[in-house]
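Right, one structure below, let's go through it.
The values are calculated or read from the model by the stated rules, or taken from the named source; none is laboratory data. For clarity, every value in this text was computed on a predicted model and none was experimentally measured. For neighbour counting, all protein chains shown are included, and Cβ atoms are generated from backbone atoms with ideal geometry for every residue, glycine included. Surface accessibility is based on the protein's heavy atoms, side chains included, excluding ligands, DNA and RNA. Shrake-Rupley method; radii C 1.70, N 1.55, O 1.52, S 1.80 Å.
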Amino acid sequence: QVQLVESGGGLVQPGGSLRLSCAASLSIFSIYTMGWYRQAPGKERELVATITSGGSTNYADSVKGRYTISRDNAKKTVYLQMNSLKPEDTAVYYCNARQVLAQYWGQGTQVTVSS
């Protein structure tokens, strides 16, 4: 059974930083496109960032220049470094793994940006 386990969420003040991690129990982690999505209360889940098996990255306009996605294939882990956090970044952040034949989601980790 595939598991994606997120960690690193929490409460941070505006302007602060957090680093999310997602450890995957995928047998061949390296072939998956990994991504981070988020869902704020009353809103739909939205894409935050993705990173392909080849290392190409894509970001939502709202986080460009502030967030960085990276992956460590040896550790089967994807990271999301979040800087200059804003109150509107408050959401549950979900890890996603996908390839042609399958897609998996983590359980989510709460990020709250508040003073």
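Miscellaneous remarks
- Whole-Å distance, taken between Cα centres, linking the range 100-114 and the range 1-22: 10
- Here the chain has 47 percent of its accessible surface on carbon and sulfur atoms, given a 1.4 Å probe and all protein chains in place.
- Sites matching trypsin sites (Lys or Arg not before Pro) across the range 39-112 that sit in DSSP coil, with at most 11 neighbouring C-beta atoms within 10 Å: 43, 64
- Accessible surface ranking that places the most exposed of 88, 6 first, with a 1.4 angstrom probe: 88, 6
- Taking all C-alpha pairs of the chain, those more than 23 Å from each other amount to 22 percent.
- Put simply, the amide H of residue 108, placed in the peptide plane, has neighbours under 5 Å in 6, 95, leaving out anything fewer than 5 places away on its chain.
- Average accessible area per residue (Å²) across the chain - probe 1.4 Å, nucleic acids and ligands excluded: 53
- Close amide H pairs (under 5 Å, H built 1.01 Å from N) link residue 9 with no residue at least 5 positions away or on another chain.
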